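First up is the structure itself, then whatever we jot down about it.
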Amino acid sequence: MLYSIFVDRGFEVIEHTADIGIATHGVDLKQVFANAALGLFSLITELETVSEKSIYHIRVSGPDREALLINWLNELIYRFEAKEMLFHRFSISTLTDTELKATGYGEKIDLTKHELKVQVKAATYHMLKIEQDKDGWKARVIFDV
Amino acid sequence: MSVPWEGVLNKIDDYRWEIPVSYKTGMRVPGLIYSSESLLNHIWEENAFEQVANVAFLPGIVGHSLAMPDIHWGYGFPIGGVAAMSMDDGVVSPGGVGFDINCGVRVMRTNLMEAEVRPKIDRITTEIFHNIPSGLGTKGKLKVNDRELTAVMIKGSRWAVERGYGEPDDVKTTEESGCIQGADPEKVSNRARERGIPQLGTLGSGNHFLEIQRVDEIYDAETAKVMGIQETGQVLVMAHSGSRGFGHQICTDYIATLGQAVRKYGFNLPDRQLVCAPIKSPEGQAYLSAMACAANYAWTNRQCMAHWVRESLMKALDKSPRDIGLEQIWDVAHNIAKIEEHTVDGKKVKLCVHRKGATRAFPAGHPDLPDIYQKTGQPVLIPGDMGRYSYIAVGTETAMRETFGSTCHGAGRLQSRSAAKRGVRGIDVIQALAAKGITVKTASISELPEEASSGYKDVNEVVDVTQRAGISRKIVRATPIGVIKG
């Protein structure tokens, strides 16, 4: 069965039997990419508990728009796991079909104040969708958890 | 998001259902699903059949695109999927292995009986919980450097035993002797190394667990005896874990790389998550070499944890290793691609067998089995959920003939994680399990309801199908006494 938990942050969490995903919307693709990333971190921890203590510059490339979104989210999963980073906000300065430049605002994991909720293994191409609608753009990504 | 499947299944018999090649243009072979009619109803809602049909598109697929009775919706491949590819013109697909490369199960027998363990179960589970790092964001206590990680990738379980984590016999009773040949650390990214180093020797989170179990039923006493299981009430230890962030990153890396290969080789795939490359191509070979590194890492991981369980039991019970008698029965990989010899149309051929949430189930007499299991067949380990049962079965000739020597791997989810958690508190789950005589220690009490029995299919029903279809034969059933959850 499908369940939606609407959170008015530009993304909602979607669930299926063995999966968790994010449905995100925005006025433009930059916002959709930023919201998808926030959605990812909302699965990992409570976003409210993450402070903007540090700024990180992130660059990602990919062969097309869909791959770019997957590579962007997998880049953040890598930074979370290997660099122990949590993010609270993203600002995307450049976005083409093959390249993304972003600034991420967040801090290092501190287990005394951040509860880690779900182990996200990776973002997948499964049921991936990026499309334009009357209000702007929207995307759907399923994560392997 | 989910659309119930609208295709037609051809009934072959009560436990075999076929998706004909005519279902979808592009299918190279039919789909074959092992299931009962009642289990089919769950699967129908989930559209996992479409994934069985999609896997049948892959170049070089031989026989059928197979699904075991614990099939559920995966990414590209269904969980519970088995696909064998010809070595000449077939492909290898990282999606056919999954992100958690060599996620698997290990089971060990002991000389202990339930009556002496139960009064001390709190002490035992607490000791194990403190001795084996689990949960999210925890680091291992192994403190390996980059050079040692390279050795882990090449040697697998043997690396752990050489450092004193376990006994040489543990290696003999591990699938592939705990080491897939052909591992090439050069094919592993620095990112995978970064994720792998701190996580070696950790259980992980989600559905990974360590369980102290009691033998609940013995179906074949002679075969059970070969496994060191003599009577009901005897205590077993089961571990379920994989290659952690190391394997996840390797899969992520190769899905990106093989995305380019799909274009290069001109494959037309119905789902981008099915990216693949010819087995013989440089890309395909690179993936298999990196996958072997992750598989060997996972076996090292389970080997170290088994050793720490042994240590914990000694400490908690104040007994010698000889008195405890913890000996490994078997260790299986259930997310893996293997190069194996099978008979197709009367001819012996080498195939690349993908098992994504499926267990190898080789029969008695198979040359890859160690002497101890030559007469019984390979042990198959099938964990259920933490409130019900787990099974030990053995492989059969039917499996060899029909499923490339494969059977099911577990119960399979029934409810989404949030549905399982809705209105249920961690403490409620702990109390419900306590009422059944099961003690639980967990790193995250708020996430515990995800793993409650109600979230899973009944493993009895799944194992019953494999038994009746003849693709594995049940030997022993066990129930948990103590559970450590990541």
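The values are calculated or read from the model by the stated rules, or taken from the named source; none is laboratory data. Values in this document were obtained by computation on a predicted structure and should not be read as measured data. Cβ placement follows ideal geometry from the backbone for every residue including glycine, while neighbour counts extend to all protein chains displayed. With ligands, DNA and RNA removed, areas are computed over all heavy atoms of the protein, side chains included. Shrake-Rupley method; radii C 1.70, N 1.55, O 1.52, S 1.80 Å.
Examine region B:311-327 for a residue that is assigned to a helix (DSSP H, G or I), buried (at least 22 other Cβ atoms within 10 Å of the Cβ) and touching a residue at least 40 places away in the same chain (Cβ under 8 Å), and state whether such a residue exists.
Taking region B:311-327 first, the residues assigned to a helix (DSSP H, G or I) are B:311-317, B:321-324.
From the residues that got through so far, the ones that are buried (at least 22 other Cβ atoms within 10 Å of the Cβ) too are B:312-313.
Subsequent filtering for residues that are touching a residue at least 40 places away in the same chain (Cβ under 8 Å) retains B:312-313.
Within region B:311-327 (the criterion being assigned to a helix (DSSP H, G or I), buried (at least 22 other Cβ atoms within 10 Å of the Cβ) and touching a residue at least 40 places away in the same chain (Cβ under 8 Å)), the answer is yes, since at least one residue qualifies.
Condition check: of a type in the set (Gly, Ala, Ser), in contact with a strand residue (DSSP E or B) (Cβ under 7 Å, 6 or more places away or on another chain), surrounded by fewer than 24 Cβ atoms within 10 Å (Cβ to Cβ) and in contact (Cβ under 8 Å) with a residue 12 or more places away in the chain. Does B:SER86 satisfy that?
Numbers: of a type in the set (Gly, Ala, Ser): yes; in contact with a strand residue (DSSP E or B) (Cβ under 7 Å, 6 or more places away or on another chain): yes; surrounded by fewer than 24 Cβ atoms within 10 Å (Cβ to Cβ): yes; in contact (Cβ under 8 Å) with a residue 12 or more places away in the chain: yes.
Yes: the conditions hold for B:SER86.
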Query raised in the report: Any chance region B:254-268 includes a residue that's surrounded by fewer than 22 Cβ atoms within 10 Å (Cβ to Cβ) and aromatic (Phe, Trp, Tyr)?
Result: yes
Requested in this report: Kindly check whether there is at least one residue in region B:405-413 that is part of a helix (DSSP H, G or I), out of contact with any Pro (no Cβ under 7 Å at 6 or more places or on another chain) and more than 14 Å from chain A (Cβ to nearest Cβ).
Outcome: no
Query - Selected residue (only one of A:LYS101, A:LYS53, A:LYS113, A:LYS134 is of a type outside the set (Ser, Thr, Tyr) and in contact (Cβ under 8 Å) with a residue 60 or more places away in the chain) - result: A:LYS113
**Report entry** Hey, B:LEU66 open to solvent by less than 10 Å² (accessible area, probe 1.4 Å) and either over 21 Å from A:TYR125 (Cβ atoms) or assigned to a strand (DSSP E or B) (or both) or not
**Finding:** yes
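Assess whether B:PRO133 counts as being modelled with pLDDT under 95 and over 30 Å from B:LEU32 (Cβ atoms).
yes
Hey, can you tell me all the residues within region B:328-337 that are touching an Asp or Glu at 6+ places or on another chain (Cβ under 9 Å) and either open to solvent by 10 Å² or more (accessible area, probe 1.4 Å) or among the hydrophobic types (A, V, I, L, M, F, W, C) (or both)? Talk me through it step by step, then tell me what you get.
The first filter runs over region B:328-337 and keeps only residues touching an Asp or Glu at 6+ places or on another chain (Cβ under 9 Å), leaving B:328, B:330-333, B:335-336.
Scanning region B:328-337 gives B:GLN328, B:TRP330, B:VAL332, B:ALA333, B:ASN335, B:ILE336.
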**Report entry** Hits in region B:377-413 (condition: farther than 23 Å from B:LEU32 by Cβ and not charged (D, E, K, R))
**Finding:** B:PRO379, B:LEU381, B:PRO383, B:GLY384, B:MET386, B:GLY387, B:TYR389, B:SER390, B:ILE392
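Could you tell me whether B:MET113 is at pLDDT 95 or above and under 25 Å from the mean Cα position of the chain (by Cα)?
No: the conditions fail for B:MET113.
Suppose we keep only residues that are aromatic (Phe, Trp, Tyr) and over 23 Å from B:VAL91 (Cβ atoms) within region B:268-308. Which one would you say is nearest to the chain's Cα centre (by Cα)?
B:TRP299
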**Report entry** In region B:414-442, residue farthest from the other protein chains (Cβ to nearest Cβ) [restricted to those that are within 17 Å of B:GLY384 (Cα to Cα) and basic (Lys, Arg)]
**Finding:** B:LYS436
**Report entry** Whichever residue in region B:341-378 is among the aliphatic types (A, V, I, L, M) and without any contact (Cβ under 8 Å) to a residue 60 or more places away in the chain and, among such residues, is nearest to B:GLY76 (Cα to Cα)
**Finding:** B:LEU369
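What do you reckon, is B:THR343 assigned to a strand (DSSP E or B) and polar (S, T, N, Q)?
Working: assigned to a strand (DSSP E or B): yes; polar (S, T, N, Q): yes.
Yes, satisfied.
Only one of B:CYS293, B:CYS276, B:CYS304 is within 30 Å of B:GLU50 (Cβ to Cβ), buried (at least 20 other Cβ atoms within 10 Å of the Cβ) and modelled with pLDDT of 95 or more. Can you tell me which?
Values: B:CYS293 fails: within 30 Å of B:GLU50 (Cβ to Cβ); B:CYS304 fails: within 30 Å of B:GLU50 (Cβ to Cβ).
Answer to the selection: B:CYS276.
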Query - region A:128-145, residues that are closer than 16 Å to B:TRP73 by Cα and at pLDDT 90 or above - result: A:LEU128, A:VAL141, A:ILE142, A:PHE143, A:ASP144
Query raised in the report: Of all residues in region B:246-259, which are facing chain A (nearest Cβ under 7 Å), farther than 13 Å from A:GLU75 by Cα and at pLDDT 95 or above?
Result: B:CYS251
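Quick grid of which residues meet (1) closer than 24 Å to A:GLN119 by Cβ; (2) of a type outside the set (Asp, Glu); (3) in a loop (DSSP other than H, G, I, E, B):
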residue	(1), (2), (3)
B:VAL394	no, yes, no
B:SER418	yes, yes, no
B:VAL424	yes, yes, yes
B:ILE430	yes, yes, no
B:GLY437	no, yes, yes
B:LYS441	yes, yes, no
B:GLU450	yes, no, no
B:ASN460	no, yes, no
Query - Near pairs, Cβ below 7 angstrom, 6+ apart or cross-chain, from region B:25-54 (in contact (Cβ under 8 Å) with a residue 12 or more places away in the chain and among the polar types (S, T, N, Q)) to any residue that is assigned to a helix (DSSP H, G or I) and open to solvent by less than 20 Å² (accessible area, probe 1.4 Å) - result: B:SER35/B:ILE43; B:SER35/B:VAL465; B:SER36/B:VAL465; B:ASN54/B:LEU274
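Condition check ((1) open to solvent by less than 10 Å² (accessible area, probe 1.4 Å); (2) out of contact with any Gly (no Cβ under 8 Å at 6 or more places or on another chain); (3) closer than 19 Å to B:GLU176 by Cα) across all residues:
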{"position": "B:VAL344", "(1), (2), (3)": "no, no, no"}
{"position": "B:ALA361", "(1), (2), (3)": "yes, no, yes"}
{"position": "B:VAL424", "(1), (2), (3)": "no, yes, no"}
{"position": "B:ILE427", "(1), (2), (3)": "no, yes, no"}
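Can you tell which of B:ARG388, B:ARG477, B:ARG473, B:ARG468 is in a helix (DSSP H, G or I), open to solvent by 20 Å² or more (accessible area, probe 1.4 Å) and of a type outside the set (Asp, Glu)? Show your work before the answer.
Values: B:ARG388 fails: in a helix (DSSP H, G or I); B:ARG477 fails: in a helix (DSSP H, G or I); B:ARG473 fails: in a helix (DSSP H, G or I).
Going through B:ARG388, B:ARG477, B:ARG473, B:ARG468 in turn, just one is in a helix (DSSP H, G or I), open to solvent by 20 Å² or more (accessible area, probe 1.4 Å) and of a type outside the set (Asp, Glu): B:ARG468.
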